[in-house]
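Everything below concerns the one structure shown next.
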Amino acid sequence: MTSPDYSNHFSLANIPFGIASSPRHLTPQCVTRLENTVVFLGALQQSGAFVKISGLPVGVFSKSTLNEFAALPKAVHREVRTVLQNILIKELPSSSTEDISAVILHLPVSVGGFTDFSCSLHHVRNAGRAILNDESPPPGFFNFPIGYNGRSSTVVVSGTPIVRPKGHFFDRTATSEKKPIIYGPCRAMDYELEVGVIVGKGVPKQQGVDAKDADEHIFGMVILNDWSARDIQGCEMVPLGPLNGKAFGTSISPWVVTLDALESFKASGPKPEAVLASHLEDVSGSESNYDIGMKVELLNEGQITTLSESNTRDLHWSGRQMCAHLASTGADLQTGDILGTGTVSGPTDGSFGCLLEVTKGGKEPVFLANGSKRFYLQDGDVIRMTALAGAPGSGVGFGECVGELRPAT
């Protein structure tokens, strides 16, 4: 199925960063995007476009990941962004531009660590009802952002197929009262609609960072699909956290949208329901969250079914607080680390960011546009996630994060 045209996600107000290659640019390198034009920044740097920016290393945009650029101070990022906004409206060297249809987009950063949080109160309540018939949040939910460390080597760029994992789970089809644990292909494959926060300038070990100051260490955001094998996850989470149920594939969108691009879309976050440790106290007023609309669609047999629409302004914890909590024990934050927000869900039907919530734990089917139904994902299903702050054309978009579920090997 042909991908939609996302040119209206990438106006001059955006200026995202990514990694791309093409027949004319065989080696993956740093790029930005204006509408449907991809601009190779290494060629621009060679032309002298950034010569007046002090602190920008020579050849930084010819690298195959954004890590070296992301690690630079925010002031340098802002200068590059301003220069690009000024020159992208002019005629650029032909050697520096390609149409989006002519390029291959790659994983934008080298991911050293992946930590997935659970920042949505709506999600934990919905999941609690679905699994335990109890919507009570975990005991520490209002005191700190809860999370677990995932497997960074399984983070892939949008468009990469996801193979149904094998693992151990309870055989719910068994007639015995005590369900046996068996090994085989997952029977309850799910997606999770999230935002991924990408660390820019690192935080050294034992230094820590306050949430109010953590924006200086956030390079930008991506859409993130935390694919989940619910039956494997449910079997292994007593008494520890997720492992193989979450360690086989995490998809991210290829364009990193900077916080400067999202500045105009700040929104009020929830008021704390507990007295927070000082390092978790966030910026106050209308600037603690972002108003980003997100959507999940299922594509199957030429049909498109919208599964949910939600908004990041409903998240209880911010990206800054995730950074501060992770570093509070003395752990370091490294450039390229990804921090997932956990499922972005809203308060009502139609705003639930995973099938676990939509189907009430696999009890109530969701009906697709072609009349078929799903409790969990079937092989061949394609999940497409999109995100947009503001209106198309004048807002700031992320494009898409897409993955097709393939049969177990």
Check: Within region 73-94, how many residues turn out to be open to solvent by 30 Å² or more (accessible area, probe 1.4 Å), touching a helix residue (DSSP H, G or I) at 6+ places or on another chain (Cβ under 8 Å) and either in a helix (DSSP H, G or I) or hydroxyl-bearing (S, T, Y) (or both)?
Finding: 1
Notebook entry, point to check: Which one of the conditions (1) farther than 24 Å from D314 by Cα; (2) over 17 Å from the mean Cα position of the chain (by Cα) does T160 fail to meet, given that it meets all the rest?
Noted result: (2)
Checklist line | Tally of residues being without any contact (Cβ under 8 Å) to a residue 12 or more places away in the chain and open to solvent by less than 10 Å² (accessible area, probe 1.4 Å) across region 162-182 | finding: 0
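What number of residues in region 269-296 are among the hydrophobic types (A, V, I, L, M, F, W, C) and either part of a strand (DSSP E or B) or buried (at least 19 other Cβ atoms within 10 Å of the Cβ) (or both)?
Number of matching residues: 4.
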Next item on the list: Filter region 117-149 for residues that are modelled with pLDDT of 95 or more, of a type outside the set (K, R) and touching a Pro at 6+ places or on another chain (Cβ under 8 Å) and give the result.
Entry: F117, S118, C119, L121, H122, V124, F142, I146, Y148
Note to self: If I filter region 110-155 down to residues being in contact with a strand residue (DSSP E or B) (Cβ under 6 Å, 6 or more places away or on another chain) and aliphatic (A, V, I, L, M), which single residue comes out as nearest to I19 (Cα to Cα)?
What the structure shows: V111
Next item on the list: Go through region 117-161 residue by residue and tally those that are open to solvent by less than 50 Å² (accessible area, probe 1.4 Å), among the hydrophobic types (A, V, I, L, M, F, W, C) and in a loop (DSSP other than H, G, I, E, B).
Entry: 4
Next item on the list: Quickly run through region 297-356 and pick out the residues that are surrounded by fewer than 20 Cβ atoms within 10 Å (Cβ to Cβ), among the hydroxyl-bearing types (S, T, Y) and farther than 19 Å from P137 by Cα.
Entry: T305, T306, S328, T329
Item checked: Restricting region 227-268 to residues that are hydroxyl-bearing (S, T, Y) and outside any helix (DSSP H, G or I), the residue that is most open to solvent (accessible area, probe 1.4 Å) -> S268
Checklist line | Single match in L356, L333 (criterion: modelled with pLDDT of 95 or more, over 26 Å from G399 (Cα atoms) and of a type in the set (A, V, I, L, M, F, W, C)) | finding: L333
Check: Does G112 satisfy being in contact (Cβ under 8 Å) with a residue 12 or more places away in the chain and outside any strand (DSSP E or B)?
Finding: yes
Check: From the residues in region 183-218 that are out of contact with any Lys or Arg (no Cβ under 8 Å at 6 or more places or on another chain) and hydrophobic (A, V, I, L, M, F, W, C), which one is surrounded by the fewest Cβ atoms within 10 Å (Cβ to Cβ)?
Finding: V209
Check: If you scan region 49-72, which residues turn out to be open to solvent by 60 Å² or more (accessible area, probe 1.4 Å) and not in a helix (DSSP H, G or I)?
Finding: V51, K52, S54, V58, K63, S64
Next item on the list: Say whether the condition of being under 28 Å from D337 (Cα atoms) and out of contact with any strand residue (DSSP E or B) (no Cβ under 9 Å at 6 or more places or on another chain) is met by at least one residue in region 87-107.
Entry: no
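Answer yes if at least one residue in region 189-209 is polar (S, T, N, Q) and within 22 Å of the chain's Cα centre (by Cα), and no otherwise.
Just the residues of region 189-209 that are polar (S, T, N, Q), to begin with: 206-207.
Of the ones still in play, those that are also within 22 Å of the chain's Cα centre (by Cα) are none.
No - not one qualifying residue is present in region 189-209.
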Item checked: Cβ pairs under 8 Å, 6+ apart, first in region 268-284 and of a type in the set (V, I, T), second modelled with pLDDT of 90 or more -> V283/A211; V283/K212; V283/R320
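The values are calculated or read from the model by the stated rules, or taken from the named source; none is laboratory data. Since this is a predicted model, take the numbers as computed values, not measurements. Every residue, glycine among them, receives a Cβ derived from its backbone with ideal geometry; neighbour counts consider all protein chains shown. Ligands, DNA and RNA are excluded from the accessible area calculation, which covers all protein heavy atoms including side chains. Shrake-Rupley method; radii C 1.70, N 1.55, O 1.52, S 1.80 Å.
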